[in-house]
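The values are calculated or read from the model by the stated rules, or taken from the named source; none is laboratory data. What you are looking at is a predicted structure, and each value in this text was computed from that prediction instead of being measured. Using ideal geometry, Cβ is built from the backbone for each residue, glycine included, and neighbour counts are taken over all protein chains shown.
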Amino acid sequence: MARAGFISRLTAVAGVVGLGVVGCGGGETRGASPPAAPPPYAASAPVTQAVGAIKELPAVRKGLEFIERDHQATVAEQVTMSEIPSPPFHEDQRAADYLRRLTELGLEDVHRDKTGNVYGLRRGSGGGPTLFVSAHLDTVFPPGTDVKVEQKDGKYYGPGISDDARGLAALLGVVRALRESGIQTQGDVIFGGTVGEEGLGDLRGVKGFFAENQQVDGFITIEPGAPDQITYQATGSRRYKISFPGPGGHSFGDFGRPSSLHAMGRAIARIAEIRTPAQPKTTFTVGVVEGGTSVNAIAGTASMQVDMRSNDPAALKALEDQLLPMAQVAADEENARWNAPADKKVTVKTELIGDRPAGNQDPNSPMVQASFAAATALGQKTTLDTPSSTDANLPISKGIPALRLGGGGGEGNTHSFTDKEWFDPKDAHLGPQSTFLTVLALVGVAGERPVAPLLPSR
């Protein structure tokens, strides 16, 4: 009955956007014809012309050429930063190093805010929007991880060498190109590094930034990957730690008391039977379980960490509304199984440990079009990528134009604890070049041949 209720609610959600729901018997979509293939995406003629005009400015050509010449220095900087430990909630050492680098590049008011982010300002001539360009300082790897980078067969291997040491290095390359070319933008650009992007960091850095800087008009986060894939949609997630405190006891002497572990097992079994829609893609998993004290004890402690994700806020809410009550139903079943008195019942405690908002934005918005036109102007076969979960989630959910752009080069084994994460520097300069051109198109160029900003001021 509970499962049917969830399917009907998600059917309603999917129906709003004209999509079906995954049937219980497999991966096919019920109740809807396959959607027609979307037409090829292209930036509008005015945007393409504006980006082309910027690209042909002598100072911009100088900046693009500098980025290509600066390639080896950027990679060397990437390796150096990757070897500075920056585990979750312990980003201080890398943050201090990044603050120094931003200061040496001549940005104004470089500082570390109360959340831990590091950023500074490159002031424009006035009258344009304010854009925040960032990469994240943290990695997924815990304290004590050996972060030494090794080079082999033209690739670099090390924890976090791509995610997000590449983004941090590409950002610095863009700032250097602006300085070397002497370009004067119309709008202001804030450059910096955020904390708390990975895992249970829960986007605390970008959340803190936008709480303190509410007049920012647009946001770009630089992540590993090729610059020809532009992410403009946000996969949201809700994460919970669900605990099952119980009376515990001896496995033989106290037999008949409800078990915290058994209650959690009942909950997991129920959760495993949830059916979610294929579109909008909606997922769940019980990722971590803990509990018990001994093989010969009735468990008095048990907890699980649950991750729920969706590309659609309504579908994510529907999943959460279905999943969370299952914990209490499971505890009630375990208590009823043993006819437990009030003082010997298993109870439920639910704690929200992660909230990454989902969001969408118009693919024809000036920000998406500008980035697409910039990458295309540099010879990339540009595509709009599928939704993902990045720092851009937060501004997108607030209606602030935001993108995830690739820092350039090849990458693999990201977040792996067994196979070493790697970075391939081939053609990696295309990443900062694309970001450089995108930034100029968004905030506009001042001077004798000015080009107006494409990013509107909010």
Q: Mind telling me which of the residues GLY199, GLY144, GLY160 ends up being buried (at least 24 other Cβ atoms within 10 Å of the Cβ), assigned by TED's automatic domain parsing to the domain that holds GLY399 and either closer than 25 Å to LEU316 by Cβ or not basic (Lys, Arg) (or both)?
A: GLY160
Q | Criterion (among the small types (Gly, Ala, Ser) and farther than 23 Å from GLY205 by Cα) met by exactly one of GLY124, GLY116, GLY120 | A | GLY124
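Go through segment 49-79 residue by residue and tally those that are of a type in the set (Val, Ile, Thr), under 28 Å from the mean Cα position of the chain (by Cα) and over 22 Å from ARG94 (Cα atoms).
Total meeting the criteria: 2.
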Q) Within the set of pairs 6+ apart or on separate chains, which have a first residue in segment 108-124 that is in a loop (DSSP other than H, G, I, E, B), a second that is among the hydroxyl-bearing types (Ser, Thr, Tyr), and C-beta atoms under 9 Å apart? A) ASP113/TYR119; THR115/THR194; GLY116/THR194; ASN117/SER134; ASN117/THR194; ARG123/THR185; GLY124/THR130; GLY124/THR185
Q: Return the residue satisfying two criteria in turn: it lies in segment 338-386 and is in contact with a helix residue (DSSP H, G or I) (Cβ under 8 Å, 6 or more places away or on another chain) and among the charged types (D, E, K, R), and of such residues it is surrounded by the fewest Cβ atoms within 10 Å (Cβ to Cβ).
A: ASP362
Q: Search segment 392-422 for residues being over 30 Å from PRO357 (Cβ atoms) and not basic (Lys, Arg), and hand back the single one that is surrounded by the most Cβ atoms within 10 Å (Cβ to Cβ).
A: TRP422
Q: Tally the residues that are under 21 Å from GLY120 (Cα atoms) and among the basic types (Lys, Arg), restricting the search to segment 58-103.
A: 3
**Q.** Only listed residue being more than 29 Å from LEU200 (Cα to Cα), surrounded by 13 or more Cβ atoms within 10 Å (Cβ to Cβ) and at pLDDT 95 or above, chosen from ALA73, ALA32, ALA95, ALA42
**A.** ALA73
Q. Going by the structure shown, is SER457 in a loop (DSSP other than H, G, I, E, B) and either of a type in the set (D, E, K, R) or farther than 28 Å from SER125 by Cβ (or both)?
A. no
**Q.** First in segment 355-377 and farther than 14 Å from TYR41 by Cβ and free of Cβ contacts under 8 Å to residues at least 60 places away in the same chain, second anywhere and surrounded by fewer than 24 Cβ atoms within 10 Å (Cβ to Cβ) and of a type in the set (A, V, I, L, M, F, W, C), Cβ under 8 Å, 6 or more apart
**A.** none
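Condition first: assigned to a strand (DSSP E or B) and charged (D, E, K, R). Can you find one or more residues in segment 186-200 that meet it?
If we filter segment 186-200 for residues that are assigned to a strand (DSSP E or B), which is where we start, we get 188-194.
From what is left, the residues that are charged (D, E, K, R) are 188.
Yes, the conditions are met somewhere in segment 186-200.
Can you tell which of GLU273, GLU334 is surrounded by fewer than 17 Cβ atoms within 10 Å (Cβ to Cβ), assigned by TED's automatic domain parsing to the domain that holds THR347 and over 18 Å from LEU352 (Cα atoms)?
Details: GLU334 fails: surrounded by fewer than 17 Cβ atoms within 10 Å (Cβ to Cβ).
Residue meeting the stated conditions: GLU273.
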Q: Report the residue count in segment 125-161 for those that are of a type in the set (A, V, I, L, M), within 19 Å of PRO395 (Cβ to Cβ) and part of a loop (DSSP other than H, G, I, E, B).
A: 1
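Please verify whether LYS114 is surrounded by fewer than 16 Cβ atoms within 10 Å (Cβ to Cβ) and more than 22 Å from ASP391 (Cβ to Cβ), treating the condition exactly as stated. Before the answer, list the steps.
Values: surrounded by fewer than 16 Cβ atoms within 10 Å (Cβ to Cβ): yes; more than 22 Å from ASP391 (Cβ to Cβ): no.
Judged against the criteria, LYS114 is not a match.
Quick one: which residue in ASP427, ASP419 is without any contact (Cβ under 8 Å) to a residue 24 or more places away in the chain and over 22 Å from VAL140 (Cβ atoms)? It would help to see each step written out before you state the result.
Working: ASP419 fails: over 22 Å from VAL140 (Cβ atoms).
None of the other options fit; the residue is ASP427.
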Q) So ALA428 clears everything in (1) among the hydrophobic types (A, V, I, L, M, F, W, C); (2) within 19 Å of the chain's Cα centre (by Cα); (3) buried (at least 24 other Cβ atoms within 10 Å of the Cβ); (4) farther than 30 Å from SER125 by Cβ except one condition, right? Which one? A) (2)
Q) Somewhere in segment 346-364, is a residue at pLDDT 95 or above, among the polar types (S, T, N, Q) and part of a helix (DSSP H, G or I)? A) no
Q. Within segment 181-203, can you find the residues that are under 17 Å from PHE89 (Cα atoms) and not aliphatic (A, V, I, L, M)?
A. GLY193, THR194, GLY196, GLU197, GLU198, GLY199, GLY201, ASP202
Q: Could you figure out which of (1) within 24 Å of ILE161 (Cα to Cα); (2) touching a strand residue (DSSP E or B) at 6+ places or on another chain (Cβ under 7 Å); (3) not basic (Lys, Arg) isn't true of VAL110?
A: (1)
Q | PRO58 assigned by TED's automatic domain parsing to the domain that holds PRO142 and buried (at least 18 other Cβ atoms within 10 Å of the Cβ) | A | no
